[in-house]
Amino acid sequence: MKPSRLPMLVTWSVILFFYVPIVILVANSFNSSRFGGSWESASLKWYIRLMNEPSIWHALTNTLIIAGVATLASMVLGTSAAFALHRFAGTRLQKVHYSVIYTPLVLPEILMGLSMLLFFVQLKVQLGLATIAIAHVTFCLSYVAMTVLARLQDFDFAIIEAAQDLGAGWWTTLWRVLIPMLAPGILAGGLLAFTLSIDDFVISFFVAGPGSTTLPIKIYSMIKYGAPPLINALSTILLVITFSCVIASQYMSNRDRRTA
């Protein structure tokens, strides 16, 4: 009996459904025509015009600052959370802690953004880059925690005990033994957090204030006022950055798994 080709057809249909629009977007970023319905000639003029848009680069600067702060903070907090989850496994406190860490992964972004906005309003905190960074840390640290927790599942803590038996203090053991061995998992989670922070729109839209426009918010405003060629060029650049971070994160995770 021949195996059914239906699963393969469904798989390829889904892949085409997701990736053909992306290919069209990338192709139109090199189209000299202002409208994507017709192809005139291959050109880099939209990329050149993109270089002369100070508002876009200001938004990009804000995005990179927020992503950098959110990534570093989530790497520290996420690693600490993962270590606590692994250290106190099986306790009631661990179950509560796991629920708190896991909730941002399944909570709808619009609900999370609205709740963060109400939280900042109640505290009378002025909205700006700081509030966006805090909001990004709240969901980025969950991804880092889960990535590092997966690494800790196969971690041999006998190495820590051996280092302490040889006279190493806790601080020396932390920086000379524990952190280097967890580094691939931490970096993989950090790259994932950086990618998610750069791409986030919904949460940033709720907690952004005057002068704190991020790149996704800027792209949304450009769509409303009509600048599709520039958006195509900018989206292509973002796709290259995003895919590079994801590929690097997956490579580090796979290398860490093979090493373990």
Does segment 190-212 include one or more residues that are among the charged types (D, E, K, R), buried (at least 20 other Cβ atoms within 10 Å of the Cβ) and modelled with pLDDT of 80 or more?
-> yes
Which helices (runs of 4 or more DSSP H) does segment 136-219 wholly contain that include 3 or more residues that are small (G, A, S) and assigned by TED's automatic domain parsing to the domain that holds C245?
-> 158-165, 179-199
List the number of the failed condition for T61; all other conditions in (1) among the hydroxyl-bearing types (S, T, Y); (2) free of Cβ contacts under 8 Å to residues at least 24 places away in the same chain; (3) not assigned by TED's automatic domain parsing to the domain that holds T195 hold.
-> (3)
Which one of the conditions (1) more than 22 Å from the chain's Cα centre (by Cα); (2) surrounded by 11 or more Cβ atoms within 10 Å (Cβ to Cβ); (3) part of a helix (DSSP H, G or I) does R34 fail to meet, given that it meets all the rest?
-> (3)
Answer yes or no: is there a residue in segment 44-65 that is within 26 Å of A130 (Cβ to Cβ), in contact with a Cys (Cβ under 8 Å, 6 or more places away or on another chain), part of a helix (DSSP H, G or I) and not basic (K, R).
-> no
Can you tell me which residue in segment 171-203 is nearest to R255 (Cα to Cα), limited to those that are of a type in the set (F, W, Y) and in contact (Cβ under 8 Å) with a residue 12 or more places away in the chain?
-> F194
Could you tell me whether T79 is without any contact (Cβ under 8 Å) to a residue 12 or more places away in the chain, among the hydroxyl-bearing types (S, T, Y) and either crowded, with 18+ Cβ neighbours inside 10 Å or closer than 18 Å to S221 by Cα (or both)?
-> no
Do the conditions hold for A233, that is, is it crowded, with 18+ Cβ neighbours inside 10 Å and more than 30 Å from V121 (Cβ to Cβ)?
-> yes
From the option list Y102, Y98, single residue qualifying as more than 20 Å from the chain's Cα centre (by Cα), in the same structural domain as V137 (by TED's automatic domain parsing), in a helix (DSSP H, G or I) and surrounded by 12 or more Cβ atoms within 10 Å (Cβ to Cβ) is Y98
Just one of M146, M181 is buried (at least 16 other Cβ atoms within 10 Å of the Cβ), farther than 30 Å from I132 by Cβ and aliphatic (A, V, I, L, M); which is it?
-> M181
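The values are calculated or read from the model by the stated rules, or taken from the named source; none is laboratory data. Please read these numbers as outputs of a predicted model, since none were measured by experiment. Note that each Cβ is placed from the backbone with ideal geometry, even for glycine, and that neighbours are counted across all protein chains shown.
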